[in-house]
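**Student:** Quick one: this structure, given as structure tokens, is what I'll be asking you about.
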Amino acid sequence: MKSVFITTVLAACSLILTGCRSIPPLAATDPLPILAWIGPPAEQTTPERYRELAEAGFNISFSGFPNAEKLAQSLEVAHAAGVRLMVSCPELKSDPEATVRRFMGHPAVAGYYLRDEPNVRDFKELGEWVRRIRAVDDTHPCYINLFPTYANTTQLGTPTYREHVERFLAEVPVQVLSFDHYPIVGERLRADWYENLEIIAAAARKARLPFWAFALSVAHNPYPVATVDGLRLQVFSNLAYGAAAIQYFTYWTPVSTQWNFHRAPIESDGTRTEVYDRVRAVNAELQTLAPVFQGAKVLRAEHLGEPLPRGTQRFEPASPVRTLETEGQGAVVSRMRNDTHEFLVVVNRELQRTMDLSIAFEPGAKVCEFTKQGKLRRLKAGQFADQVTPGDIRIFVWSR
């Protein structure tokens with residue numbers, strides 16, 4: 001089944017408005033990878049459930065399968081819906097070479113799930129496991145997800161979070177760097193969220209690896225039910241720092257005796273919640289913006305506002321930006337490059353309030369706004385002034 005998002009992206013790339021003809025069209029891309037953590041359970045492997053997943057904007061799913069046979073059946077169902085799966089079954093651990101050979105040629109394989117949030121003492125074993133898989137299949141990535149900065153030293157097994165990430169990359173030869181951080185607690189943001197993005201983005205650049213980041217879509221104490229504003233703030237901040245894929249924890253509501261999980265997009269009994277429609281709306285926006293972010297390089301990721309988030313740098317204008325001003329708690333401001341285009345990306349860092357944004361570009365600079373409808377909009381006299389709703393994004397583009 002062809003994703004509706006491919007049509008959206010192609011349509012977005014073809015729209016050039018009068019006054020923006022000096023900017024080449026943005027190149028069509030593959031859909032942005034969007035992963036559902038805990039997708040349809042093995043017993044819910046039906047065409048209807050995977051079509052529902054795809055309609056919410058997910059193109060990768062991770063669920064543990066009880067055995068390789070059930071995984072094989074699910075790969076066929078997922079493929080028909082345009083969804084790829086992370087290989088996760090006991091045989092991947094007990095006989096990785098044979099399991100990888102069995103599945104590596106299937107078009108619905110997205111990668112190999114190994115572990116979530118390992119301690120440093122697990123790194124040696126994980127490194128050996130990754131090398132065994134990559135000796136057979138060096139195309140599909142081995143997936144291991146790391147702790148956030150608010151994990152304690154007992155969980156990490158290292159004195160600092162930076163050392164944990166550095167040792168992981170030195171000892172485990174993964175092809176992507178994934179981490180989770182759930183920044184919205186009640187009505188506030190964790191103080192260390194952007195510091196976490198800074199650490200991961202820097203480590204990924206040094207290792208020359210893409211990184212994958214999360215948004216939280218299942219409520220549990222102390223985390224609230226996901227809203228469109230909160231989801232936007234998470235996914236757009238991740239992209240502004242250079243994330244190559246967006247992941248949601250979770251799609252299907254897990255059953256737990258430890259955590260009060262509730263109101264993920266799909267409840268544990270299989271019914272939809274209001275979060276399903278919220279996630280679907282945000283994912284549609286992500287795919288419209290995919291031509292901006294797919295393959296883009298972050299030149300600078302900085303911040304405005306008082307106080308600056310911990311571990312971040314203050315925004316300083318650089319050509320063709322003369323001034324950029326915000327009111328309120330501030331914004332993420334990212335300069336990015338993608339092929340022949342350069343972008344200025346501004347994300348409202350507020351959870352509750354709309355932000356006033358004003359930008360002045362240099363005289364003669366041919367800058368346009370790239371909207372979430374996939375259109376290029378001319379700026380009058382090189383000036384921009386508008387309000388940005390909580391967590392939302394504005395993108396400006398010019399040719400280099």
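**Student:** If you take the residues of region 80-100 that are in contact with a strand residue (DSSP E or B) (Cβ under 9 Å, 6 or more places away or on another chain) and within 23 Å of D30 (Cα to Cα), which of them is surrounded by the most Cβ atoms within 10 Å (Cβ to Cβ)?
**Tutor:** For region 80-100, the residue satisfying everything is V87.
**Student:** So which of F65, F103 ends up being closer than 30 Å to H164 by Cα and surrounded by 18 or more Cβ atoms within 10 Å (Cβ to Cβ)?
**Tutor:** The unique qualifying residue is F65.
**Student:** Please go through region 258-267 and pick out each residue that is out of contact with any Pro (no Cβ under 6 Å at 6 or more places or on another chain) and either hydroxyl-bearing (S, T, Y) or crowded, with 18+ Cβ neighbours inside 10 Å (or both).
**Tutor:** Result: R263, A264, P265, I266.
**Student:** Among (1) surrounded by 15 or more Cβ atoms within 10 Å (Cβ to Cβ); (2) on the phi > 0 side of the Ramachandran plot, where does G270 come up short?
**Tutor:** Every condition holds for G270 apart from (1).
**Student:** Now for a separate question. So which residues in region 162-187 are on the phi < 0 side of the Ramachandran plot and at pLDDT below 95?
**Tutor:** E187
**Student:** Taking the criterion of being modelled with pLDDT of 95 or more and within 19 Å of R310 (Cα to Cα), would at least one residue in region 132-147 satisfy it?
**Tutor:** Checking region 132-147: at least one residue is modelled with pLDDT of 95 or more and within 19 Å of R310 (Cα to Cα).
**Student:** Of the residues in region 334-370, how many are without any contact (Cβ under 8 Å) to a residue 24 or more places away in the chain and either of a type in the set (V, I, T) or outside the structural domain of R394 (by TED's automatic domain parsing) (or both)?
**Tutor:** The qualifying residues number 0.
**Student:** If the requirement is being farther than 30 Å from R353 by Cα, touching a residue at least 40 places away in the same chain (Cβ under 8 Å) and part of a strand (DSSP E or B), which of these qualifies: Y143, Y112?
**Tutor:** The match here is Y143.
**Student:** Do any helices (runs of 4 or more DSSP H) lying entirely in region 151-266 carry at least 3 residues that are within 30 Å of A135 (Cβ to Cβ), and which ones are they?
**Tutor:** Hits in region 151-266: 161-171, 193-207.
**Student:** To continue, here is another question. Go through (1) modelled with pLDDT of 85 or more; (2) touching a helix residue (DSSP H, G or I) at 6+ places or on another chain (Cβ under 7 Å); (3) of a type outside the set (V, I, T) one by one and return the number of the condition P41 breaks.
**Tutor:** Looking at each condition in turn, P41 falls short on (2).
The values are calculated or read from the model by the stated rules, or taken from the named source; none is laboratory data. Given the structure is predicted, the values throughout are model-derived calculations rather than measurements. Don't worry about glycine lacking a Cβ; one is built from the backbone with ideal geometry, like all the others, and counts go over all protein chains shown.
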